[in-house]
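The values are calculated or read from the model by the stated rules, or taken from the named source; none is laboratory data. None of these values were measured; they are calculated from a predicted model. Here the Cβ positions follow ideal geometry from the backbone for every residue, glycine too, while neighbour counts run over all protein chains shown. Calculation scope for accessible area: heavy atoms of the full protein, side chains included, ligands and nucleic acids excluded. Shrake-Rupley method; radii C 1.70, N 1.55, O 1.52, S 1.80 Å.
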Amino acid sequence: MQDFSDKNILVVGASSGIGYALAEQLVKENARVYSASRNKPQGLEANHTTLDVTQLQGNELGNLPKELHGLAYCPGTINLKPFQRLKKEDFLHDLEVNLLGAVGLIQQALPNLKRAGAASIVLYSTVAVSTGMGFHASIAAAKGAVEGLSKSLAAELAGANIRVNVIAPSITDTTLAGNLLSTDDKKAASAQRHPLKKVGSPEEIAALSAFLLSDSAAWMTGQVIGVDGGMSSTRAL
């Protein structure tokens, strides 16, 4: 476990899934957690701001402390359709949630991150960016943009000692993936597509997220880290 005593961390999308698991872990590790999402996280000790990442006006984060040591942007989408059925609106929505929401909130929080003297930003991609997958055109395009953003920000913000890294999971057992894992048969079939024969858990992604937010990862920036049961890099026998 990491020690986040005296650290202020903003978790966007902390009401469920990976964001909730991360916020819960950070609270256990003594962080002062600030959450931002449409719904207030239940049973979580956090200073909450209600917002919709697709409707940002530029003044949503007025309750942040003067110094912010970390920001994790967890909202995401799963929009799997054949390419010919995807509409412009599908691409725009995926970009709004995954990319533009992150851009807007990072811009709002940037002065606070800079005042901390050392800070970390964690963003989320998908294994579908590095591994071609049918029916993933819209989400892979949006998450590919997230990876490009992270590389640029890692370079631009290094002088301010702000690190930027990305986690690229495969399917994770969250509410967002509910339709894909809604039965035991579907979950078993998904597990079999991974060399490690399992789907991911929010807690596994949260553990790496917490590490990247911590001082233990102080020499890591500009990385895209696959947490995908081996899908992106290996083939099971």
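Worth a mention:
- Of all residues in region 103-129 being in a loop (DSSP other than H, G, I, E, B) and out of contact with any Lys or Arg (no Cβ under 6 Å at 6 or more places or on another chain), the one that is least open to solvent (accessible area, probe 1.4 Å): A116
- Residue that is least open to solvent (accessible area, probe 1.4 Å) [pool: residues in region 69-96 that are charged (D, E, K, R), part of a helix (DSSP H, G or I) and in contact (Cβ under 8 Å) with a residue 24 or more places away in the chain]: D94
- Scanning region 192-237 for residues that are aliphatic (A, V, I, L, M) and over 25 Å from K28 (Cβ atoms) yields L196, V224, M231, A236, L237.
- Checking each residue in region 214-228 for being open to solvent by less than 10 Å² (accessible area, probe 1.4 Å) and within 30 Å of L180 (Cβ to Cβ) picks out no residue at all.
- In region 184-199, the condition of being crowded, with 16+ Cβ neighbours inside 10 Å and within 17 Å of G13 (Cα to Cα) is met by no residue.
- Conditions (1) open to solvent by 40 Å² or more (accessible area, probe 1.4 Å); (2) in contact with a helix residue (DSSP H, G or I) (Cβ under 7 Å, 6 or more places away or on another chain): number failed by S170: (1)
- When G132 is tested against (1) in a helix (DSSP H, G or I); (2) more than 13 Å from the chain's Cα centre (by Cα), just one condition goes unmet, and that condition is (1).
- Considering residues of region 1-55 that are out of contact with any helix residue (DSSP H, G or I) (no Cβ under 8 Å at 6 or more places or on another chain) and among the hydrophobic types (A, V, I, L, M, F, W, C) only, the residue surrounded by the most Cβ atoms within 10 Å (Cβ to Cβ): A23
- At least 1 residues being hydroxyl-bearing (S, T, Y) and farther than 23 Å from I205 by Cβ is the threshold, and among the strands (runs of 3 or more DSSP E) wholly inside region 1-68 those reaching it are 47-50.
- Within region 118-132, residues that are within 10 Å of K143 (Cα to Cα) have Cβ atoms under 8 Å from residues that are open to solvent by less than 10 Å² (accessible area, probe 1.4 Å) and at pLDDT below 95 in no pair, counting only partners at least 6 apart in sequence or on another chain.
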